[in-house]
Structures are given as structure tokens and as C-alpha cells.
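Every number here is computed from the coordinates shown, using simple stated rules; none is lab data. Quick caveat, the model's predicted, so the values are computed rather than measured.
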Amino acid sequence: MIGISTSCFYPMNTEDALLTVAKQGVKVTEVFLNSHSECTGELLEQLVTIKNDYDMQINSIHPYFTFAEKQLLFSQYERRIEDGLCFYRELFDTCDALDCRILVLHGDFNPFRISDEEYLRRFEILVKEAHDRGIIVSQENVVNYRSASVEFLKKEREYLGDLFKMTIDIKQAVRSSVDPMEIAREFGDCAVNVHISDHNTESDCIPPLEGNFDFTKFFKILDNCGYNGNFIIELYRSGFKNADHLINSYKNITKFYKNGCKK
């Protein structure tokens, strides 16, 4: 199914963004948690209520502190790792509350202070703890991060085996000068989540079907890889005019996908 990430409406409050999406009849979403207060307590209860009231599927959650993952898990100061894991254990509880099984992680970004091998060792600790809770930690390909590199992602897959899972992001591949089709072919069988957007010569992040990207080919590649997950529209707020523009794009790509990628 096609869904919309609440991040599209940033800096709107997350509960308002979720309600905005829900009222438009969107049944699948990725919730981008923008503060610690949204991970627990009253604000989390509001998210759960909206989800239940509108019979929504929370496909995945995307924590706000991706910028801090380098310091929490992948710094040179090893004692801090346990502190970082505590944040993620709380997020596992958040996943449970939202009946969500996918947690998106960016990882380490330039400049890298630890080796690839050390990164993988620490990442495995997190992945295994999540797995024991029935939760998938999904590595997203992100520009300027280790995960921007196809070769590194291959190394990560080899190291983690069946525990390696990916969130494939079209715009991040484009920003990394990597062909999104290459990412889809290479890692489609490991993907559990896909962020979609379009692009043209003027912008690398616009609504689907409004640029030059070949969605027919992209969907076919992932289908051939056995991908059976959702496709989440994830745009920056500057990438669309208003809520109606975004919802129309959602309707168009949903129709396109349901019709076998035929306009």
C-alpha cells in the first residue's frame, strides 16, 4: 500500500500531522517522532487514539534523534553505548504501543571516528535486542552517512545475515549520486520499508509522478525481489505546495500502483 509520513508536515506537531493524514483517508503512515515527549505518556496516547479511531497502520517510526545516533551508539566513547541503548529500549515500548514493528535508523555520519567493523558490532547489539522484542531495526540509506555507500551496505548485509533489513529512500539515493534502481535491485529482498519521492533537474524531492523518475520500473524491480511492504511518501515541507497538493499526489500514485503502474 501507499502511505504518507507525518514528517511531510514538519514542523506541525506530530499528533496534528497524524490527524491531518488520517482525516484524508490515508490508512498507512510512518510516524516521525519529533520530541522525546511524543515517545511516551499523554502525547503517545494521543497518537494511539488517532491510529485506533481511524483504523490506521503505523508502518514504521522514525525517531527524531537520528542526528545523535553517532554520539549515542557510534562514538569513540564506549561507555555511552549503554546510554544510547536505553533510548532505543524506550522506543521499542513506543513501537509496541503503536503496534508498529519497524524502527528506522540512519547510523553514523561523516567524519567517521570508528571502523566499519566496530560500527557493525555495535549495530548488531541494537538489532538483536530489537529482534528479541519482535521489532526490526531498518537501516536507511542516507547521504553523508555510511549507509550512503552501496559497498558498505553490502558489508552490513554480509555481517548481519538475515537480521539485515533496509529502508530504501529514493531521494537519499539521488542525493548520494546512487541510482535508486541499483539500490532496489541489490537490496530489494532485504527491504521492509520504502520512502518514495520524485525528482527532476530542478529539485531532488518532489511529489511522486511529478518528476522524471520511472516508478513503473522501480516498482517492478522491487516486486521481482519479493518486496511486499508499503511505500511511504516522504517529502520535505518545501517539496509540495499544501496539504491538498500532497493528498492529490498520494491519490495519483495509489491509483497508478493499483492499476499495475499504468497511467
Task: GNM result for the chain, Cα springs below 10 Å: residue of 59, 193, 34 fluctuating most strongly - done: 34
Task: Mean separation of Cα contacts under 8 Å (6+ apart) over length of the range 2-258, as relative contact order % - done: 18
Open item on the list: Taking amide H atoms as placed 1.01 Å from N in the peptide plane, list the residues 5 or more away in sequence, or in a different chain, whose amide H sits under 5 Å from that of residue 232.
Closed with: 3, 194, 195, 196
TODO: Return the tail of the calculated pair distribution for the range 2-258, meaning the percent of Cα-Cα pairs more than 35 Å apart.
DONE: 10
Task: For the range 1-25 versus the range 82-99, the gap between their alpha-carbon centres in whole angstrom - done: 22
- [ ] Quick one: of 27/70; 128/154; 27/258, which pairs are farther than 22 Å apart, Cα to Cα?
- [x] 27/70
Task: Distant alpha-carbon pairs in the range 178-260 (separation over 16 angstrom), percent - done: 51
Open item on the list: How much of the DSSP bridge set in the chain is antiparallel, in percent, rounded to the nearest 5?
Closed with: 5
